[in-house]
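The structure appears below as structure tokens.
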Amino acid sequence: MRSETTTQSALPYSRVDDAKLPLGALLALATAVFITSLTETLPAGVLPAMSADLGVGESAMGQSVTIYAVGTALTAIPLSAATAGWKRGRLLITAMAGFAAANTVTAASTAYPLTMVARFVAGVAAGLAWALLAGYARRLAPSHLQGKAIAIVMTGIPVALSLGVPAGTFLGDLLGWRVTFSLMTALSVALIGWIATIVPEQPGQRHEGRPPMLRALRVPGVVPVLFVTLVFVLAHTILYTYIATFLGHLGMGGSTDLVLLVFGGASMVSIWIVGTRTDRQLRALTVASTLLVAVAATVLALLADSSALVFVAVALWGLGWGGVPTLLQTAAADAGGGAADAAQAMLVALWNAAMAGGGVTGGVLLDLFGPASLPWAVLGLLLPVPAVVIAARAHGFPKRRGSAA
């Protein structure tokens with residue numbers, strides 16, 4: 001879902017208005033999150049059409065999500081280090097230009113290898129974007145509203161899931177999947193103008209102020225947050241990447257766009273709840289999110305013969321998942337302290353490594369055991385998460401932000 005999260009006193013940030021949030025600028029960042037999230041997950045809604053058009057199987061086409069995540073996972077940390085001194089607005093515009101180019105090639109490509117190269121480039125652009133978006137939001141907000149600022153920016157994820165992917169699926173069925181990627185190019189170009197016009201520029205970090213990246217692993221609380229990130233995102237991606245195929249197995253293939261709409265709508269409710277309660281209930285919200293997704297996976301594994309229960313399960317899944325990016329980015333930033341930039345870059349890398357692993361693992365499970373195996377894999381992966389969160393109550397997942405218990 002994803003290294004600029006140090007507090008405002010740590011870097012020479014621009015002065016912010018203590019009275020309010022800069023909503024126009026934060027909404028521009030939320031749109032950037034929307035573009036990165038939708039570009040990454042859009043193939044899930046049009047997977048059968050893409051695989052048929054490019055002449056490959058659905059499990060192979062599912063790797064278009066994997067290769068995107070690989071691009072981000074491999075480049076988030078080195079790109080974050082290499083561009084730490086760049087102005088933030090300039091770097092974000094560069095990332096959006098990368099998305100415009102990659103989606104243009106994806107829309108025009110008639111060859112599977114070229115499509116995969118374009119998807120990898122899009123993932124590299126995501127590595128640039130995700131490594132700075134949460135921190136950019138914090139820089140633009142007064143300290144007591146930083147959690148809310150991140151929550152506003154992270155609304156780009158559920159909007160992408162609730163509106164973007166269903167709309168892309170609908171347009172893909174109506175006009176062809178290439179149209180959806182062309183529209184992503186147009187949106188990226190428009191956003192570049194928006195960022196240049198309304199988002200305040202922020203300086204990069206001076207070289208002498210940058211701690212070594214791996215130092216963050218020695219900070220108490222960072223490793224548990226990274227573990228939860230890896231496992232939670234892996235579990236989610238295994239099922240989400242192949243949701244169209246899973247629904248087809250249930251005889252609900254024609255309802256993919258509606259199912260994704262329910263999922264995204266529930267995710268939006270989740271991110272609103274998280275945005276208003278993260279400061280007071282970080283640990284409880286993380287445990288609750290895990291349990292909701294686990295219950296959803298159980299219903300999908302045992303009771304998926306009922307269409308109504310499938311929709312209930314998907315709603316629970318969305319309620320559990322929607323606030324997870326905000327929770328984990330907030331936890332990583334707080335746990336990292338002075339090494340928060342490095343912790344955030346690692347979170348982005350692990351997040352996308354998990355998405356890549358989810359695409360591969362889901363494809364293997366699909367080929368070996370069929371679609372019915374996917375929710376069982378989700379459930380198995382989530383089992384240790386509540387225990388890890390509770391064990392990290394002193395550092396990583398405190399009850400309240402800023403507390404030690």
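The values are calculated or read from the model by the stated rules, or taken from the named source; none is laboratory data. Since we're looking at a predicted model, the values are computed, not measured. Here the Cβ is made from the backbone with ideal geometry for all residues, glycine too, and neighbour counts use every protein chain on show. Accessible surface areas use protein heavy atoms only, side chains included; no ligands, DNA or RNA. Shrake-Rupley method; radii C 1.70, N 1.55, O 1.52, S 1.80 Å.
Observations, loosely collected:
- Two-site label geometry, Arg280 and Ala101: point separation in nm, points 7 Å out along Cα→Cβ: 4.8 nm
- Under 20 Å from a label point set 7 Å out along the Cα-to-Cβ vector of Phe369, the amide N atoms of region 241-258 belong to 241-251.
- Prolate is the label for region 247-405. Its Cα gyration tensor axes, ordered a ≥ b ≥ c, give a/c of at least 1.5 and a/b above b/c.
- Within the accessible area of region 255-339 (1.4 Å probe), percent carbon and sulfur: 71 percent
- On region 140-200, 75 percent of the accessible area sits on carbon and sulfur atoms, based on a 1.4 Å probe.
- Where a label projected 7 Å from the Cα of Glu201 along Cα→Cβ would reach, residues of region 125-157 with amide N under 20 Å: 129, 132-133, 135-141
- For mean projected area of the Cα convex hull in nm², the value computed from the atomic coordinates appears in the list (i) 22.4; (ii) 17.0; (iii) 20.7 under label (ii).
- Listed values for region 355-363 are Karplus-derived 3J(HN,Hα) couplings in whole Hz (6.51 cos²θ - 1.76 cosθ + 1.60, θ = phi - 60°), namely 5, 5, x, x, x, 5, 4, x, x, and x replaces Gly and Pro.
- Per-residue Karplus couplings for region 92-108, computed as 6.51 cos²θ - 1.76 cosθ + 1.60 with θ equal to phi - 60°, are listed in order as 5, 4, 4, 4, 5, 5, x, 5, 4, 5, 5, 5, 5, 5, 4, 5, 8 Hz, Gly and Pro entered as x.
- Heavy-atom accessible surface of Asp257, to the nearest 10 Å², is about 50 Å², with a 1.4 Å probe and all protein chains retained.
- For region 310-383, the gyration tensor built on C-alpha atoms gives an oblate shape. Its axis ratio a/c (a ≥ b ≥ c) is at least 1.5, and a/b is not larger than b/c.
- Using only the C-alpha atoms, the convex hull of region 99-210 corresponds to 124 Å³ per residue.
- Region 87-153 and region 310-385: distance between their alpha carbon centers, rounded to Å: 19 Å
- Region 239-249 - phi-based ³J(HN,Hα) in whole Hz, Karplus 6.51/-1.76/1.60, Gly and Pro as x: 8, 5, 4, 10, 5, 5, 5, 4, 5, x, 4
- Student exercise, the chain dipole from Lys, Arg, Asp, Glu Cβ charges, in Debye to nearest 20: 1360 debye
- For region 267-338, taking Cα atoms only, Rg and Dmax work out to 13.9, 51 Å respectively.
- Accessible solvent surface per residue of the chain, calculated while the other protein chains remain in place, 1.4 angstrom probe, Å²: 36 Å²
- Across region 23-162, the convex hull enclosing all Cα atoms gives 103 Å³ per residue.
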